[in-house]
Amino acid sequence: MATAKPALDEARAAYRQGDWPAAREAFSRAAQDGLMSAPEDLVAAAQASWWCGRAGESVRLVARAHRQLLDAGRLEEAASAASDVAMYHLLLGQLPLGSGWMNRASRLLRDVPESPTHGYVAFYRDVEYNLPQASPEGVLAAARGIVALSRRQADRALALVALVAEGYALAGTGRVPQGMTLLDDAMVGLDAETMSPEWLGNAFCMAMEVAERVGDVARMRLWLDDAEQWLDSLPAAVLFTGACRVYRARLWQLSGEWERVEPALDRTCRELRELCQETVGAAWLVRGELRLLTGDRPGAETAFGEAHRRGADPQLGLALLQLDRGDVAAAGAAVRTALLHGAEGHLHQRARLLTAAIRIACAADDLAEAQRRSEELRELGSTWPQSLVVPLAGTAAGAVALARGAPAEALPPLRAACHRWHELGTPYEAACSRQLLARCYRALGDRASAELEEDAAAKVLARLRARPAWPELGGRATAPTPAGLTRREAEVLRLLAAGLHNADIAATLTISRRTVERHLSNLYPKLGVGSRSAATRYAVEHSLV
């Protein structure tokens, strides 16, 4: 017994100092000597285990503390412990258990005078836990209720967390400028000296999630740098470190540091496999997207499957995977169903879906659909001008104009997009836009400018070992089409003149046979001919084959 008491004192001291590995080890020694009976020690031991990534231990310890607090009539503390159990279960993906414990926490607080605990439990219950199933307006109302409660209770930490929640919810309703203003205000007020680390981590994660959703790379980088600096001061923070590692991997993907992505995500998946399935699913999504860019189709398919198993939505990646396989119809169906989910606050994800839809429509030669989606993407960019959506829209607008045979119209949005991608430090996206810009220059007779852009793009794509995003536009011949033919009509004419039958033309261009027939019926009048043989003679006479 002489050594047990010092072990408990050591554990408590380590916990107060935020040294969770040391606290967990000392609490474990104290438990072996039978001294872990006070609910306060059980809660502290549970939190130390949680910071170390031991969710199973945390659940057992805090559930035991809850029972003791409940038996002692300490209802507010019992409710707080119940909400901790709920969140541990929810992180593990155990939704029924998490819901049951959250309901218990709410029920207990009904018999307790209002306190900051009501606000913290409401944050978990009505904001963080409620996000997947509640309407954005409902989450916003809940967040504003927590703001009001924090003012009544004069709890500064709760007020900052509530401000982050309100900014998060405003962005989720589509009011991005208002939401980002509140987040800017909240983030400069975060203070590791006065806020508990779990709530500081929650604030960082929510703010970075919003920045990612709206495609604000500058804020995402800034807030991630601050979060990583804070995490470097902690001896252990497995969950928050893993989440930040996924955000960092996304930024590395944007900045062209692709060799760093997979090792970081490997570590995240190992450390969080028993702690947070949502973050592991997000890590697998990033892996799948990067593998697809480098042409690793089987690896991408595996990654998207792993992401789906953990509750993440890989539909965008699967649509692009189908396009990469040449199955344009399947790719179009996948992206259309994905676009039916119109979450207003997810600007960047919707923009990426729209960009995929435009690529697929161009591959199917459905230029009316490509134009309609391009206009929707441009309108989306007006929601938040600092977003990645803006250069995405410019690149897509240029691609569609090129597909319509209008290089002069394509030139301004592509030049602006290339400039913005360069400012953002995103070499892959810049290279893909440069390829399209080169095609514009070549079509307009500016050979020197075209070669300059082509060389710059080729060097980046070679370094990254990446496939271009617009191969059907960026890598093809760029001479103006004759007789007012569209790009695809000219391709059909060349293949017809080469002796291919309609079925073979359809297979070569990954379009339907009926679409080939429609192109032929459109191009014959433009050429002033009425048969395949006459069209072939025209192609030969005009050096198209």
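FYI, it's all coordinate maths here, none of it is from the lab. Keep in mind it's a predicted model, so treat the numbers as computed, not measured. Cβ sites come from the backbone with ideal geometry, for glycine too, and all protein chains shown count toward neighbours.
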Next on the checklist: Of Thr173, Gly215, Ala416, which is farthest towards the positive pole of the chain's charge dipole, taken about the Cα centre with +1 and -1 on the beta-carbons of Lys, Arg and Asp, Glu respectively?
Outcome noted: Ala416
Checklist entry - For region 215-223, in order, what is each residue's ³J(HN,Hα) by Karplus, 6.51 cos²θ - 1.76 cosθ + 1.60 with θ = phi - 60°, in whole Hz (x at glycine and Pro)? => result x, 9, 5, 4, 5, 4, 5, 4, 5
Item to check | Taking the convex hull of Cα positions in region 315-470, its mean projected area over all directions (nm²) | outcome: 8.7 nm²
Checklist entry - What number, rounded to the nearest 500 deg cm²/dmol, is the helix-based mean residue ellipticity at 222 nm of the chain, given -39500 (n - 2.57) per DSSP H run of at least four residues and division by all its residues? => result -24000 deg cm²/dmol
Checklist entry - For region 376-382, in order, what is each residue's ³J(HN,Hα) by Karplus, 6.51 cos²θ - 1.76 cosθ + 1.60 with θ = phi - 60°, in whole Hz (x at glycine and Pro)? => result 5, 5, 4, 5, 4, x, 6
Checklist entry - To the nearest Å, what is the center-to-center distance of region 125-183 and region 198-264, using C-alpha atoms only? => result 21 Å
Checklist outcome for this item: Taking only the alpha-carbon atoms of region 402-508, the convex hull volume per residue, in cubic angstrom, is 107 Å³
Checklist entry - Which whole-number percentage describes the relative contact order of the chain, with Cα contacts under 8 Å and a sequence gap of 6 or more? => result 8 percent
Item to check | region 148-220: relative contact order as a whole-number percent, Cα under 8 Å and 6+ apart | outcome: 28 percent
Next on the checklist: What does the extension gain come out to for Ser449 and Ser382, with contour length at 0.36 nm per residue minus their alpha carbon separation?
Outcome noted: 21.1 nm
Item to check | Kirkwood Rh in Å, taken over region 483-541 so that all alpha-carbon pairs contribute | outcome: 11.1 Å
Checklist outcome for this item: Residue by residue through region 179-185, the couplings from Karplus 6.51 cos²θ - 1.76 cosθ + 1.60 with θ = phi - 60°, in Hz, x for Gly and Pro, are x, 5, 4, 5, 5, 4, 4
Checklist entry - Taking 0.36 nm per intervening residue step and subtracting the Cα-Cα distance, what contour gain separates Thr194 from Arg372 on full extension? => result 59.0 nm
Item to check | Projected label distance in nm at Arg152 and Asp71, using a 7 Å step from Cα toward the beta-carbon | outcome: 3.4 nm
Item to check | 10 Å binning of all Cα-Cα separations within the chain, expressed as whole percents from 0 upward | outcome: 4, 16, 24, 21, 14, 10, 6, 4, 1, 0, 0
Item to check | Computed label-point distance, nm, for sites Ser512 and Ser531 using a 7 Å Cα→Cβ extension | outcome: 3.0 nm
Next on the checklist: Tell me the net charge near Arg434. Cut-off is 12 Å between Cβ atoms, Arg434 excluded, with +1 for each Lys or Arg and -1 for each Asp or Glu.
Outcome noted: -2
Checklist entry - What is the Cα centroid distance between region 353-391 and region 83-123, reported in whole angstrom? => result 42 Å
Checklist entry - In terms of the Cα gyration tensor, with a ≥ b ≥ c the square roots of its eigenvalues, is region 41-180 rounded because a/c is under 1.5, prolate because a/b exceeds b/c, or oblate? => result prolate
Item to check | His419 versus Asn522: modelled label distance in nm, points set 7 Å from Cα along the beta carbon direction | outcome: 3.3 nm
Checklist entry - Between Ser37 and Arg336, what length comes free when the chain is fully extended (0.36 nm per residue of separation minus the Cα-Cα distance, one decimal in nm)? => result 101.9 nm
